[in-house]
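Below is a structure I'd like to ask you about.
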Amino acid sequence: MLRICDTMENYLSYSYYIDWKNPNIIQKAKDLLILDNEVDTVKRTYHFVRDEIKHSWDIQDRRVTARASDVLQEKVGICWAKANLLAALLRANQIPAGICYQRLTLEDTPESGYCIHALNAVYLSSLKSWIRLDARGNKEGIQAEMSLDQEQLAFAVRPELGEIDYQEVYAEPLPVTMDILEKSTDALYMYQHLLPQAL
């Protein structure tokens with residue numbers, strides 16, 4: 001069960017990384033809004049971030065983005081950055097959204113090491129519940145989708161391999177992730193050498 005770490009107001013708040021008051025974020029959120037249909041607005045926004053914002057590793061792009069507005073402008077980012085953008089676009093439409101994490105193996109074995117993966121949780125007032133969404137980006141072997149019935153995330157956590165599905169929903173991205181983005185100049189190097197192995 002998801003553990004909500006902040007007040008509902010904080011899941012709508014503006015911050016340095018989830019900078020939803022940026023004019024470009026506001027305009028894009030307006031473009032994605034479907035009036036009087038919260039679920040379809042979330043779905044449309046989720047698909048935009050998942051499909052139109054490319055994952056840095058998938059396209060071998062060295063640019064490093066962190067703030068939601070930068071991710072939107074550059075149209076690229078790792079999962080941590082994409083999660084900031086999805087949260088910002090939803091908050092701009094007054095839909096509460098937060099950040100969640102998973103600890104995953106790098107190459108399907110504990111010996112390969114671990115990394116921290118970010119995804120989102122969104123509060124749907126029409127359902128009075130939170131759902132998790134993973135906008136990492138689909139590719140062969142990864143097929144995430146928005147589902148109201150059963151989670152369909154990018155990665156199924158395997159506890160037997162030491163993977164962890166953290167249940168906390170944070171209003172802000174964890175500093176350990178943003179500090180790495182801020183200090184990095186090469187997304188590919190960062191992805192291979194600097195990702196934390198645990199929270």
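Leaving ligands, DNA and RNA out of it, report the carbon-plus-sulfur percent of the accessible area of the chain at a 1.4 Å probe. Walk me through the numbers before you get to the answer.
Working: 4710 of 9580 Å².
The value for the chain is 49 percent carbon and sulfur by accessible area.
Here's something else I'd like to know. Identify the trypsin sites (Lys or Arg not before Pro) of the range 93-192 meeting these criteria: DSSP loop state and at most 14 other C-beta atoms within 10 Å of the C-beta. Walk me through the intermediate numbers first.
Details: sites: Arg103, Lys128, Arg132, Arg136, Lys139, Lys183; in loops: Lys128, Arg136.
Here the trypsin sites (Lys or Arg not before Pro) that fit, given the DSSP loop and packing criteria, are Lys128.
Using only protein heavy atoms and a 1.4 Å probe, report how much of Trp20 is accessible, in Å² to the nearest 10.
The accessible area of Trp20 comes to roughly 40 Å².
If you place +1 on the Cβ of every Lys and Arg, -1 on the Cβ of every Asp and Glu, and leave all else neutral, what size is the dipole of the chain about its Cα centre, to the nearest 20 Debye? Present the calculation step by step, with values, prior to reporting the outcome.
On the way: 21 positive and 29 negative charges, 103 e Å.
That gives a dipole near 500 debye.
Rolling a 1.4 angstrom probe over the protein heavy atoms, how many square angstrom per residue are accessible across the chain? Walk me through the numbers on the way to the answer.
Details: 9580 Å² over 199 residues.
With the other protein chains kept in place, the chain gives 48 Å² per residue.
Binned at 5 Å from 0, what are the whole-percent values of the Cα-Cα distance distribution for the chain, short to long?
1, 8, 17, 22, 22, 16, 9, 3, 1, 0
The values are calculated or read from the model by the stated rules, or taken from the named source; none is laboratory data. Since the structure is predicted, the reported quantities are computational estimates derived from the model, not experimental observations. Virtual Cβ from ideal backbone geometry, glycine too; neighbours counted across all protein chains shown. What goes into the accessible areas is simple: the full protein's heavy atoms, side chains included, and nothing from ligands, DNA or RNA. Shrake-Rupley method; radii C 1.70, N 1.55, O 1.52, S 1.80 Å.
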